[in-house]
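Here the structure comes first, spelled out in C-alpha cells, and everything after it is commentary.
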Amino acid sequence: MPISLDEIKEKLLEILNEKPGEIRGDLVRKFDDEIFLRDDIDVRDEVEDVLTDLADELEYYVSNSLWRKQHRSYFGDEELELKINTALQKIEVLSKPN
C-alpha cells in the first residue's frame, strides 16, 4: 500500500514533537528509510524532491552533542527542527492546487 503525503507529514510532526534524544534519532532514521527504501510514495514529483532532499540532509542529524563535535557536517536538534519546518512549508506550497 502506497504511503501518502499525510502519513509522511505525520512522521515529520512526530519527530518534531519528540523530545531530543535517542528516540528522536530513531524516528529520523525511520523517516530516512521510508523515503529512500520505498518506491511507493504517493506524492507529486516536486514534493518527492523536497522529501528526498530532507532525508539526505537528516542523515547528518546527531542528537549527542559530543558525537556532533566529530565532524562539522553533523547538526543537532535546533537545525533538525528548522530543516523539517522548512520542508513542511515547501510541501504545503507545492501541494496547493494551481
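Calculate how steeply helix 45-58 sits against the longest principal axis of the alpha-carbon atoms of the chain, using the helix alpha-carbon long axis, and give the answer as 0 to 90 degrees to the nearest 10.
10
Just need log10 I(q)/I(0) for the chain at q = 0.11, 0.17, 0.18, 0.22 Å⁻¹, Debye formula, equal scatterers on the alpha-carbon atoms, no solvent, rounded to two decimals.
-0.32, -0.73, -0.81, -1.15
When the distances between all Cα atoms of the range 53-98 are binned every 5 Å from zero, what whole-number percent does each bin get?
For the range 53-98, the pair-distance distribution reads 5, 22, 25, 18, 12, 8, 5, 3, 2, 0.
State, as an integer percentage, the relative contact order of the range 18-74 based on alpha-carbon contacts under 8 Å between residues 6 or more apart.
41
Projected onto the charge dipole of the chain (+1 at Lys/Arg Cβ, -1 at Asp/Glu Cβ, origin at the Cα centre), which of I15, S95, V47 gives the Cα projection farthest towards the positive end?
I15
Here, each number is a calculation from the coordinates, and none is a lab measurement. These numbers come from a predicted model, not from an experiment. In this analysis, Cβ positions are derived from the backbone assuming ideal geometry, glycine residues included, and neighbour counts consider all displayed protein chains.
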